[in-house]
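In what follows, a single structure is set out as structure tokens and then discussed.
The values are calculated or read from the model by the stated rules, or taken from the named source; none is laboratory data. This is a predicted model, so every value here is computed, not measured. All Cβ positions, even for glycine, are placed from backbone atoms using ideal geometry, and neighbour counts span all protein chains on display.
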Amino acid sequence: MFARKPKAFITLISVLILGAVGVAIALSLVLLGVGASRSAFASGQSVQAKNLANACAETALNTIRSTPAFTGTIPLTLGAGTCSATITNTGGTTRLVVASGTVGTVVRRVSITVATVAPVTLTSWQEVAN
């Protein structure tokens, strides 16, 4: 009664396979876009956190300049994040400043060695691991 048409069956299967491949490609592109967006967001937060750490470090150096005997922690809230700097007397006129900036879940830290407090002379300023 109904004649079988193998060409129509092959065409139907081919269309279904091509459709599945197309959906897989489209899904891969969407997931890649989401991953790139997350990466760019985290990178932006990292730059902001580093800038906050540097800002707190500068604030700590200004504090050392104005009050050479000060030791302790200086907290700041700037923009979308927070930062703090800890000034430690390491003996005589030397100080260690450790500043950290936090934006979201990203934390960046800098460590500064101050050789003298009057005038403020730096030995090193470097980013350190968390």
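Summary of computed values
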| read-out | value |
| --- | --- |
| Scope region 112-130; condition within 29 Å of residue 41 (Cβ to Cβ) and either among the charged types (D, E, K, R) or outside any strand (DSSP E or B) (or both); matching residues | 127, 129, 130 |
| Failed criterion for residue 78 (all others in (1) closer than 20 Å to residue 128 by Cβ; (2) surrounded by 14 or more Cβ atoms within 10 Å (Cβ to Cβ) hold) | (1) |
| Region 51-72 residues that are closer than 15 Å to residue 96 by Cβ and in contact (Cβ under 8 Å) with a residue 12 or more places away in the chain, paired with ones that are small (Gly, Ala, Ser) and surrounded by fewer than 14 Cβ atoms within 10 Å (Cβ to Cβ) (beta carbon under 7 Å, 6 or more apart) | 68/118 |
| Test for residue 86: is it within 30 Å of residue 128 (Cβ to Cβ) and out of contact with any Phe, Trp or Tyr (no Cβ under 8 Å at 6 or more places or on another chain) | yes |
| Failed item in (1) modelled with pLDDT under 95; (2) more than 17 Å from residue 127 (Cβ to Cβ); (3) aliphatic (A, V, I, L, M); (4) surrounded by 10 or more Cβ atoms within 10 Å (Cβ to Cβ), with residue 8 passing the rest | (4) |
| Region 6-32 residues that are free of Cβ contacts under 8 Å to residues at least 60 places away in the same chain, paired with ones that are among the basic types (Lys, Arg) and assigned to a helix (DSSP H, G or I) (beta carbon under 9 Å, 6 or more apart) | none |
| Selection from region 88-111 of residues that are part of a strand (DSSP E or B), under 30 Å from residue 40 (Cβ atoms) and of a type outside the set (Ser, Thr, Tyr) | 98, 99, 101, 103, 106, 107, 108, 109, 110 |
| Hits in region 34-50 - residues which are free of Cβ contacts under 8 Å to residues at least 12 places away in the same chain, under 27 Å from residue 113 (Cα atoms) and polar (S, T, N, Q) | none |
| Whichever residue in region 99-130 is closer than 14 Å to residue 51 by Cα and more than 17 Å from the chain's Cα centre (by Cα) and, among such residues, is surrounded by the most Cβ atoms within 10 Å (Cβ to Cβ) | 111 |
| Filtered residues of region 78-98 (kept if under 19 Å from the mean Cα position of the chain (by Cα) and modelled with pLDDT of 90 or more) | 81, 82, 83, 84, 85, 98 |
| Flag if residue 42 is under 23 Å from residue 130 (Cα atoms) and more than 14 Å from the chain's Cα centre (by Cα) | no |
